[in-house]
1. Once both axes come from the Cα atoms, what is the angle between helix B:254-286 and the longest principal axis of chain B, in degrees from 0 to 90, rounded to 10?
2. So what's the Cα pair-distance distribution over chain B, bin width 5 Å, in %?
3. Going highest first, how would you order A:10-20, A:288-298, A:168-178, B:235-245 by mean Cβ packing within 10 Å?
4. Of B:78, A:54, how do they rank once you tally other Cβ atoms within 10 Å and put the fewest first?
5. For residue A:123 and residue A:176, FRET efficiency with R0 = 30 Å and r from the beta-carbon atoms, rounded to 0.05?
6. Could you tell me which of rounded, prolate or oblate describes region B:18-66, using a ≥ b ≥ c as the square roots of the eigenvalues of the alpha-carbon gyration tensor, with rounded for a/c under 1.5 and, failing that, prolate when a/b is larger than b/c and oblate otherwise?
7. Helix B:208-223 against the longest principal axis of chain B: what's the angle in degrees, Cα atoms only, rounded to the nearest 10?
8. Residue B:189 versus residue A:227, label points 7 Å from Cα toward the beta carbon: distance in nm?
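Only the coordinates and a few stated rules stand behind these numbers; no lab work does. Worth saying up front: this structure is predicted, and the values here are computed from it rather than measured. Cβ placement follows ideal geometry from the backbone for every residue including glycine, while neighbour counts extend to all protein chains displayed.
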């Protein structure tokens, strides 16, 4: 009893002290808060608040016209127990993410590394452009629709028929056996994106003297150099590339919708984001769409955490 | 950190054979051709007369190149109610202002988050990073409501201002700022530089490659932005929107659509080449880190 009465004022004064410390700490860093203020205010208004509203809408029934009605976890229950197409979309998304994510990431890193070794500067810039061009060209992916067009004027069908390999044009985007592999090719074709460019910039940023020091310390070949010197020196870029890969490979939708139609035949390339767009912009069931977005968000955060742990081991 | 006289020396190469060099170059070339072929095909298609687009067997490269598709596109544009140049101006304006604003605001914040240890820095960065992963399709509705609350609907502000706060740019800049040696900044502070001067005169020159990369990302994003959700006056609409309307008319416009694709990709590619050669030059002249 006695102890308790003493403890409370002690805690209060400790709290006051901490608060004061925090205050002086914050005052000392006034310039830092001024530097972050413009971005943070805009971010709060146009990113953070909308995200919070969306997470909240996930617990409601909201058709955009009438005010949202609170339904608790109903949307989430429906997703898992009453929506077969969602489960199919989850499966498709995982197939795409598991294949194109890691392959795209390591390809981007490997190619950036090889390009960085080219001595001729013009050639190096040209090679970078070559690999980045599919990403920078806006909607150039539409050309794949011409290549794999289902009539005889498409490149693939036309050539196969001329070679006599097939007698009827193949309906590439109406058959899951073709649709999925073609989609993977197109996604990989576009995977030299933000991560790739940051690798290129990061590689150029590595302090050259580190290499000299490395050779004195007994680095023997190019791969040791990569593992012990280059990669640890560009950890920040590796992290950036990884997060961007997670974000983009779980959000695959636009290219596939343009190529395979939306929704695709028998939902063969229907992804979680396709499902979300379907409910959000076609059926106007914003509550349901928000619940899908929230689930996807949680999965991505988990994936991100996992990758952070793995990347911590680089260079050990 | 570096020993100055070593800086201009050629980097010592690890033992590697000429054969290894050739193999890796061959690999890059083959893969590069795979990457480039669809782009070449896009350009080639835009130069094909309509009858060549529907020919069996299909030809990869154009036989009788013509600018008909571009001329048709130009004619269609000049028929539109709002002059073509207006769409062009809108897109250029939004892209330039948005890119400039984003690069400024994001690098300032990134500098503070990376190089100043203040209460809340980690938390703020964590939240921004997480927001990167939330599907934008869903936040469109709350965003629309916020825009309408601010009275920004149907103004340039609705396109430009949110683009300045994109999490991607902040993340990129923060990662690069992290690599700046603290000693460099400390030296400037001791010399009496204000925090903004340290940022502007010391930190920024150290991250030029990242800055140019961010300009590319931001530019291509805004350049391709349709923005039709927030804009309903025709005279404020962007070029991608107008071009999209034209090519949406279906198969008879296949040639025009190909021309649209080429026009839209041309400008970002030119900017990319300019930025990339600048990155190389900066590297060559300064050897970025000391």
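1. 20
2. For chain B, the binned pair fractions read 1, 5, 9, 11, 12, 12, 13, 11, 10, 7, 5, 3, 1, 0, 0 percent.
3. So the peptides A:10-20, A:288-298, A:168-178, B:235-245, ranked by packing, come out A:288-298, B:235-245, A:168-178, A:10-20.
4. B:78, A:54
5. Efficiency, rounded to the nearest 0.05: 0.15.
6. In terms of gyration-tensor shape, prolate.
7. It is inclined by approximately 30 degrees.
8. The answer from the label model is 3.8 nm.
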